[in-house]
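S.K.: Following this message is one structure expressed as structure tokens.
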Amino acid sequence: MAKEVFFLYPGTMLILAIETSCDETSLALVGARGGLRAPHFKIIKHLIASQIEIHRPWGGVVPNFAKREHLANLPILFKKLLLSRSYILNPDIIAITVGPGLEPCLWAGINFAEQIKKDNFPKAKIVGVNHLHGHLYSFLLTPPLALSKIFPAVQLLVSGGHTMLAYMKSLTEYKLLGETRDDAAGECFDKVARMLNLLYPGGPEIEKLAASPQSTLYNLQPIQFPRPMLRDKSYDFSFSGLKTAVLYYLRDKKLTPELKTAVAHEFQNAVIDVLTAKILHAAKAHDAKSIILSGGVAANQALRNELRKASKKIGAQFISAPKKFQGDNAAMIAVAGHITRLTKKSCPLKADGALQI
Ligand code: KG4
Ligand code: ZN
């Protein structure tokens, strides 16, 4: 393997980050500079071993299979990370996801972090990172932005397990405005995809279908799904009614390609309409300079386009990390690890499946 050489500014913290909360094993080596007012990150190496093929036949993540895969993948990725360096790397920090997530998977990562500290990097400090902070701070992986131009901001975090709307006054002062009362947006994508006989994970499959040039007409009849809580004044979401509406609509119908495309199209429109309306409402009410989007569902191009347009309409900037940093990844854990270290709020090194933001 060709070795790589990197120049790092003096004072750069070297962070080795590990993410194993669900079905992606990921390791990253990231250089971090600057304090809470101007953090900068340089990704030196970023590796992800996806388990999608393992879980696909089961239509969702099987926790024990996921743990087994993490245990197998972690040493392989670690070796790859070490081999790619032209010098002995000595991370200052090992950032490790401690929750929320699947506990057997989190334990696999935490134990591995402790093992490599003992065997390879005894001087490194282990920082326990909240996975949601990873998504929340992933926007810092975009080209450097002046924080004074970003805040106050509102952020929509949409993943397989969470749908949250937060107001951010600064990097560290934020509050949750609302969240889903039932299914997360990504979970709803996955469940509707299953109804349409699409592969797991459902979000990208629905997006692909919805992007094909087709209207929401089926047998020349328009399909109209509800937009739950669109007009509700709260910042909460609810997606289970939408999911049930799709289920009832599909009852007694033959799943033809035309039907699948029309349903995917209208379902995705319904989710995007609700998410866009809520974040716009929050942005206007809080005089937000920016609208930030994160989480696995943030890889959805139609959603990104819609939020970009909506942001422009109210004179706010739209910020979201590149798509490759929206799904679970260790680069965002390195970023959150840096912020966590600066705020001295490391999470205890124990797997916590239900850790809150
Ligand atoms: O953030 P993530 O990788 O894992 C969690 O922390 O949950 O999010 C995974 C979720 C899945 O539900 C997946 O279907 C959804 O993100 N997703 C998408 C897209 N890509 C991934 N949803 C809609 N459109 C996409 N392109
Ligand atoms: Zn996630």
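S.K.: Filter segment 259-281 down to the residues that are among the charged types (D, E, K, R) and more than 25 Å from residue 292 (Cβ to Cβ) and list them by number. Step through it out loud before you land on a result.
M.R.: Initial filter on segment 259-281 (among the charged types (D, E, K, R)): 260, 266, 273, 278.
Answer for segment 259-281, where residues must be among the charged types (D, E, K, R) and more than 25 Å from residue 292 (Cβ to Cβ): 260, 266.
S.K.: Also: State yes or no: is residue 35 open to solvent by 40 Å² or more (accessible area, probe 1.4 Å) and farther than 30 Å from residue 202 by Cα? Please lay out each step first, then the result.
M.R.: Details: open to solvent by 40 Å² or more (accessible area, probe 1.4 Å): no; farther than 30 Å from residue 202 by Cα: yes.
Considered against the rule, which asks whether it is open to solvent by 40 Å² or more (accessible area, probe 1.4 Å) and farther than 30 Å from residue 202 by Cα, residue 35 comes out as no.
S.K.: Turning to a different aspect of this structure: Only one of these conditions is not met by residue 161: (1) surrounded by fewer than 20 Cβ atoms within 10 Å (Cβ to Cβ); (2) farther than 21 Å from residue 50 by Cα. Which number is it?
M.R.: Exception for residue 161: condition (2).
S.K.: Just to be sure I understand the filter: pairs with C-beta atoms under 7 Å, separated by 6 or more residues or on different chains, first member in segment 117-134 and under 16 Å from residue 13 (Cα atoms) and open to solvent by less than 60 Å² (accessible area, probe 1.4 Å), second member among the polar types (S, T, N, Q) and in a loop (DSSP other than H, G, I, E, B). Which pairs pass?
M.R.: From residues that are under 16 Å from residue 13 (Cα atoms) and open to solvent by less than 60 Å² (accessible area, probe 1.4 Å), the pairs are 121/90; 127/346.
S.K.: Would you confirm, using the coordinates I've provided, whether residue 66 is within 16 Å of ligand 2 (Cβ to nearest atom), within 22 Å of the chain's Cα centre (by Cα) and either open to solvent by less than 70 Å² (accessible area, probe 1.4 Å) or aliphatic (A, V, I, L, M) (or both)?
M.R.: Working: within 16 Å of ligand 2 (Cβ to nearest atom): yes; within 22 Å of the chain's Cα centre (by Cα): yes; either open to solvent by less than 70 Å² (accessible area, probe 1.4 Å) or aliphatic (A, V, I, L, M) (or both): yes.
Yes, satisfied.
S.K.: Which one is nearest to the chain's Cα centre (by Cα) among residues in segment 181-200 that are open to solvent by less than 30 Å² (accessible area, probe 1.4 Å) and not aromatic (Phe, Trp, Tyr)? Before the answer, list the steps.
M.R.: Step one: filter segment 181-200 for residues open to solvent by less than 30 Å² (accessible area, probe 1.4 Å), giving 183-186, 188-189, 192-193, 196.
Subset that is not aromatic (Phe, Trp, Tyr): 183-186, 188, 192-193, 196.
Working: 183: 16, 184: 12, 185: 12, 186: 10, 188: 15, 192: 20, 193: 19, 196: 24 Å.
That would be 186.
S.K.: Can I ask one more? Step by step: first the residues of segment 312-347, then only those that are closer than 11 Å to residue 130 by Cβ and open to solvent by 20 Å² or more (accessible area, probe 1.4 Å), then the one that is modelled with the highest pLDDT. Which residue is that?
M.R.: Selected residue: 347.
S.K.: Does segment 179-218 hold any residues that are among the aliphatic types (A, V, I, L, M) and more than 16 Å from ligand 2 (Cβ to nearest atom), and which are they?
M.R.: If we filter segment 179-218 for residues that are among the aliphatic types (A, V, I, L, M), which is where we start, we get 184-185, 192-193, 195-196, 198-199, 206, 209-211, 217.
Within segment 179-218, 192, 193, 195, 196, 198, 199, 206, 209, 210, 211, 217 meet the criteria.
S.K.: Mind checking whether some residue in segment 269-286 is of a type in the set (S, T, N, Q) and closer than 15 Å to residue 155 by Cβ? Reasoning before the result, please.
M.R.: Step one: list which residues in segment 269-286 are of a type in the set (S, T, N, Q), which gives 269, 276.
From what is left, the residues that are closer than 15 Å to residue 155 by Cβ are 276.
Checked segment 269-286: at least one residue is of a type in the set (S, T, N, Q) and closer than 15 Å to residue 155 by Cβ.
S.K.: Would you pick out the residues in segment 147-164 that are in contact (Cβ under 8 Å) with a residue 12 or more places away in the chain and closer than 15 Å to residue 319 by Cβ?
M.R.: 147, 149, 150, 151, 152, 153, 154, 155, 156, 157, 158
S.K.: To continue, here is another question. Is it the case that some residue within segment 122-142 is modelled with pLDDT under 95 and not basic (Lys, Arg)? Working first, answer last.
M.R.: Let us first name the residues in segment 122-142 that are modelled with pLDDT under 95, namely 142.
So of that shortlist, the ones also not basic (Lys, Arg) come out as 142.
Within segment 122-142, one or more residues are modelled with pLDDT under 95 and not basic (Lys, Arg).
S.K.: Moving on to the next point. Among 253, 309, 284, which is the only one that is open to solvent by 50 Å² or more (accessible area, probe 1.4 Å) and in a loop (DSSP other than H, G, I, E, B)?
M.R.: Values: 309 fails: in a loop (DSSP other than H, G, I, E, B); 284 fails: in a loop (DSSP other than H, G, I, E, B).
From the options 253, 309, 284, the qualifying one is 253.
S.K.: Could you check how many residues of segment 140-158 are open to solvent by 10 Å² or more (accessible area, probe 1.4 Å), more than 16 Å from ligand 1 (Cβ to nearest atom) and not polar (S, T, N, Q)? It would help to see each step written out before you state the result.
M.R.: So the first thing to find is which residues in segment 140-158 are open to solvent by 10 Å² or more (accessible area, probe 1.4 Å), and the list is 140-149, 151-152.
Restricting the remaining residues to those that are more than 16 Å from ligand 1 (Cβ to nearest atom) gives 140, 142-149, 151-152.
Right, trim to not polar (S, T, N, Q) and you get 140, 143-147, 149, 151-152.
Total meeting the criteria: 9.
The values are calculated or read from the model by the stated rules, or taken from the named source; none is laboratory data. It should be emphasised that the depicted structure is a prediction, and the values quoted were computed from it without experimental measurement. Glycine gets a Cβ as well: all are built from the backbone with ideal geometry, and neighbour counts include every protein chain shown. Please note that ligands, DNA and RNA were not included when accessible areas were found on the heavy atoms of the full protein model with its side chains. Shrake-Rupley method; radii C 1.70, N 1.55, O 1.52, S 1.80 Å.
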